[in-house]
1. Does the stretch 14-29 contain any residue that is surrounded by fewer than 17 Cβ atoms within 10 Å (Cβ to Cβ), within 16 Å of the ligand (Cβ to nearest atom), touching a residue at least 60 places away in the same chain (Cβ under 8 Å) and assigned to a loop (DSSP other than H, G, I, E, B)?
2. Against the conditions (1) over 20 Å from Ile132 (Cβ atoms); (2) touching a Ser or Thr at 6+ places or on another chain (Cβ under 9 Å); (3) not acidic (Asp, Glu), where does Arg328 fall short? Just the number, please.
3. Of the numbered conditions (1) in a helix (DSSP H, G or I); (2) in contact (Cβ under 8 Å) with a residue 60 or more places away in the chain; (3) β-branched (Val, Ile, Thr), Val159 satisfies every one except a single condition; which is it?
4. Suppose we keep only residues that are within 22 Å of Pro200 (Cα to Cα) and assigned to a loop (DSSP other than H, G, I, E, B) within the stretch 60-84. Which one would you say is nearest to the ligand (Cβ to nearest atom)?
5. Quick check on this structure: which one of Gln91, Gln80, Gln74 is within 18 Å of the chain's Cα centre (by Cα) and surrounded by fewer than 18 Cβ atoms within 10 Å (Cβ to Cβ)?
6. Of the numbered conditions (1) out of contact with any Asp or Glu (no Cβ under 9 Å at 6 or more places or on another chain); (2) open to solvent by less than 20 Å² (accessible area, probe 1.4 Å); (3) not in a helix (DSSP H, G or I), Tyr338 fails exactly one; give the number of that condition.
7. Filter the stretch 128-155 down to residues that are among the hydroxyl-bearing types (Ser, Thr, Tyr) and away from the ligand (no atom under 11 Å from the Cβ) and give me whichever is most open to solvent (accessible area, probe 1.4 Å).
8. Just give me the residues in the stretch 94-120 being open to solvent by 20 Å² or more (accessible area, probe 1.4 Å) and within 12 Å of the ligand (Cβ to nearest atom), in sequence order.
Amino acid sequence: MGKRIHNFNAGPAALPLPVLEEIKEEFLDYKGSGMSITELSHRSRWFDDIIDEAVGRTKRLLNLGDNFQVLFIQGGASLQFCMIPMNLASQGRPVDYINTGSWSTKAIKEAEIQGKDVRVIASSEDKNFSCIPENFHVDAAAAYLHFTSNNTIKGTQWVRFPEAGDVPMICDMSSDIMSRPFDVNPFGLIYAGVQKNLAPSGTAMVIIRQDMLERVPDDLPTMLKYTTFSAKNSMFNTPSCFVIYALNLVLKWLEDTVGGLEEMGRVNKAKAYLLYDFIDQSDFFKGTAAKNSRSLMNVTFRLPSEELEGRFLAGAQKEGFGGLKGHRSVGGCRASIYNATGIQSVKALVEFMSEFEKREG
Ligand SMILES: Cc1ncc(COP(=O)(O)O)c(C=O)c1O
């Protein structure tokens, strides 16, 4: 095996090594089938077992009641920006959004394109999206409240979710799903592109509450209706078989090796604070997110000049640290430390940063 790097990619991102090894081990002959997972039918008992296990594990990890269904829908999180207003904006009622960055902005745009009565009830745009908004009011008339739990680009995250009363919350959890425990019950729908914390790219996980399914209008195109996916266990058409297979193995790792979301949350906090504590004592590296809104998943920071940032990124790459360049829309640096990025990689990065500062600071 070639040398594996310390992987800080934002998505697709690091997967747990034991999962990759298991995939490799059974890649040519999946459980005595004589076929690779990439070759067998989604209508086979092998794949039925995989998708049922993946759903079962999701339900156990998130403590989902029988009133929630777990769906896999291709088109990534971006298709969900469009399906949500299409399916869940009940006739004539406004839909409320909180804008915390470019992913929320894209979700808002898709609802506006459809002519929905979109209200942006809170936004941190005037603060360059460096924080999570506070002091807003959720109107009981809204069909739903949409927000993004973790802002992958700006490195901010909701520490406590908003209070929406009886208004169902809808959340884009693409970059922090399964990173910590939370109460699912106020959510009408949770969605996530799986390519950060759960699997390779190729599908979105959608967790939907029964009362949301009852809102779906009859006259939508078949493939854009949540009810199509819920009626057929996400197999109305051919699903992303390999992705769901890998996702099931990642969830097994989360349950059996990590020990569940409480423990994952503890590890993720420890990882993030190794970096934040180092950044806070440094005069050279500067965090870009407001302290009370810092993400435990994407740690964004700057150096004193773009020239130093270039040297830092090139040096890091040479030493085996990948994916540290900030999103092209904001520049700077970003360490994405999803579930599968081990604490030893974070420790190695802090050491590298400290040495770089001594040399160049
Ligand atoms: C928070 C968030 N939402 C949505 C997306 C878009 O996901 P996809 O590429 O699966 O459409 C991303 C991708 O990085 C993201 O970070």
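1. No; the residues of the stretch 14-29 include none that is surrounded by fewer than 17 Cβ atoms within 10 Å (Cβ to Cβ), within 16 Å of the ligand (Cβ to nearest atom), touching a residue at least 60 places away in the same chain (Cβ under 8 Å) and assigned to a loop (DSSP other than H, G, I, E, B).
2. The one condition Arg328 does not meet is (2).
3. If we test Val159 against (1) in a helix (DSSP H, G or I); (2) in contact (Cβ under 8 Å) with a residue 60 or more places away in the chain; (3) β-branched (Val, Ile, Thr), just (1) comes out false.
4. Looking at the filtered set, the residue picked out is Gly75.
5. Numbers: Gln91 fails: within 18 Å of the chain's Cα centre (by Cα); Gln80 fails: surrounded by fewer than 18 Cβ atoms within 10 Å (Cβ to Cβ).
One residue alone meets the criteria, Gln74.
6. Tyr338 satisfies every listed condition except (1).
7. Of all residues in the stretch 128-155, those among the hydroxyl-bearing types (Ser, Thr, Tyr) come to 130, 144, 148-149, 152.
Remaining after also requiring away from the ligand (no atom under 11 Å from the Cβ): 130, 144.
On the way: Ser130: 33, Tyr144: 0 Å².
Looking at residues that are among the hydroxyl-bearing types (Ser, Thr, Tyr) and away from the ligand (no atom under 11 Å from the Cβ), I get Ser130.
8. Within the stretch 94-120, Ser102, Trp103, Thr105, Lys106, Glu110 meet the criteria.
The values are calculated or read from the model by the stated rules, or taken from the named source; none is laboratory data. Predicted, not measured: the structure shown is a model, and the values here were computed from it. Using ideal geometry, Cβ is built from the backbone for each residue, glycine included, and neighbour counts are taken over all protein chains shown. Remember, those area values only see protein heavy atoms, side chains included, never the ligands or the DNA or RNA. Shrake-Rupley method; radii C 1.70, N 1.55, O 1.52, S 1.80 Å.
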